[in-house]
Amino acid sequence: MLVQQYLPKDLFRGKTVFVTGGGSGINLGVARNFAALGASLAICGRTQEKLDRAAAELAALSAHLGGKVLPVAADVRDYAALEKALGRTEAEVGPVDVLVCGAAGNFLCPAEDLSPNGFKAVIDIDLLGSFNASRAAFEQLKKTRGSILFISAGQSFMPHAFQVHVGAAKAGIDNLMKNLALEWGRYGIRSNTIVPGPIEDTEGMRRLSSPEHDTRAKGAIPLGRYGTVDEIGHAAVFLASPFAAYITGTVLSVDGGSNLIGSAL
Ligand code: HXC
């Protein structure tokens with residue numbers, strides 16, 4: 001569904017959106033929806049070639065409204081690299097109005113087989129990476145009175161087997177979001193979380209599901225289907241827009257009601 005059909009086509013014209021993990025999947029879908037509404041994008045990830053491909057797609061969406069796109073490689077676990085990426089963004093595109101903390105890592109592993117380093121890898125990418133990006137973007141967000149969107153997961157509030165590392169990391173993100181909403185509200189910075197449910201055609205679902213699982217899950221989800229990356233993008237543009245100017249510290253599930261059936265998925 002084209003977001004421009006429902007919202008002002010230039011809603012984010014002149015605004016800069018920085019997306020961690022923006023080279024693919026849900027985060028690229030989020031970036032695409034901002035680009036379609038005129039935003040300039042900085043997308044950050046570990047692999048430059050992947051970012052370059054995504055940037056070409058985004059540029060085609062926003063160029064007619066003057067939007068720029070900057071693909072900038074950085075690992076969210078490396079604070080200095082993120083600071084540099086954000087510095088380049090401010091210099092070449094503009095100060096960040098919207099930060100999307102989407103970079104994440106995942107794999108299925110029973111807790112008794114998970115090594116401390118495996119647990120740490122996911123905590124470092126998801127939780128530490130989200131703090132690093134928020135902290136490194138703070139001065140720019142303060143300037144723009146901007147907002148932060150964290151991408152969490154249902155594992156945060158409902159345990160899922162073989163996901164102890166992800167559940168702990170995502171629960172940490174939800175708490176990080178609330179603390180930043182509390183502390184940075186006085187700077188006009190809003191902070192919110194989106195919890196995507198099962199989203200079709202994403203790396204996360206490829207890692208976590210199987211055809212049998214999909215059939216069972218779709219039958220159990222109240223809306224009877226998986227979501228699309230664009231549906232997460234629609235929630236993101238809403239939360240970052242002036243229509244959500246009084247919304248901060250909120251967790252918004254975009255999951256077809258999946259959270260109502262818990263870990264049965
Ligand atoms: C058990 C594993 C493992 C597995 C890695 N490890 N994969 N343990 N089962 N399948 C362990 C390793 O053995 C190692 O511990 C430690 O984790 C670090 O592994 P590295 O490969 O060195 O780490 P790194 O290269 O930093 O890779 C991070 C990663 C990787 C998370 C492990 O999978 C990754 O880069 N993922 C990014 C892409 C991704 O995951 N996308 C999906 C996101 S979707 P030892 O002890 O051996 O040193 C998502 C959505 C969640 O997050 C919710 C969905 C509903």
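Coordinate-derived values only; no laboratory data. Worth saying up front: this structure is predicted, and the values here are computed from it rather than measured. Here Cβ is always computed from backbone atoms with ideal geometry, including for glycine, and neighbour counts include all displayed protein chains.
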Least to most buried among GLU231, GLU90, GLU200 (fewest other Cβ within 10 Å first): GLU200, GLU90, GLU231
Taking the beta-carbon count within 10 Å as an exposure proxy, list THR47, THR250 from fewest neighbours to most. THR47, THR250
For the chain, what does the relative contact order come out to in percent, with C-alpha contacts under 8 Å and a separation of six or more? 18 percent
Loop-only chymotrypsin sites (Phe, Trp or Tyr not before Pro) in region 1-110, please: DSSP not H, G, I, E or B, and at most 14 other Cβ atoms within 10 Å. TYR6, PHE107
Based on other C-beta atoms within 10 Å, arrange HIS213, HIS160 from fewest to most. HIS213, HIS160
So between ASP113 and ARG13, what do we pick up on full extension, going 0.36 nm a residue minus the alpha carbon distance? 31.1 nm
Calculate, in nm to one decimal, what LYS120 and GLU92 gain on full extension: separation in residues at 0.36 nm each, minus their alpha carbon distance. 6.7 nm
Using 7 Å Cα-to-Cβ label points, what is the SER210/ARG145 separation (nm, one decimal)? 5.3 nm
Interchain or long-range residues, amide H under 5 Å from VAL100's placed H: PHE18, VAL19, THR20, LEU149
Neighbour-limited loop hits for chymotrypsin sites (Phe, Trp or Tyr not before Pro), region 223-265 (at most 10 other Cβ within 10 Å; DSSP other than H, G, I, E, B): TYR246
Under the Debye formula (equal points on every Cα, no solvent term), log10 I(q)/I(0) of the chain at q = 0.08, 0.09, 0.11 Å⁻¹: -0.29, -0.37, -0.55
So, by mean Cβ neighbours within 10 angstrom, what's the order for 112-120, 252-260 with the highest one leading? 252-260, 112-120
Cut-off under 5 Å, modelled amide H: who pairs with VAL69 long-range: LEU41
Run the quick spin-label model on ASP78 and ASP201: label points 7 Å from Cα toward the beta carbon, then report their separation in nm to one decimal. 3.2 nm
Determine ³J(HN,Hα), in whole Hz, for all residues of region 222-232 in sequence, where each value follows from phi through the Karplus function 6.51 cos²θ - 1.76 cosθ + 1.60 and θ = phi - 60°; x replaces Gly and Pro. x, 8, x, 7, 7, x, 10, 4, 5, 5, 6
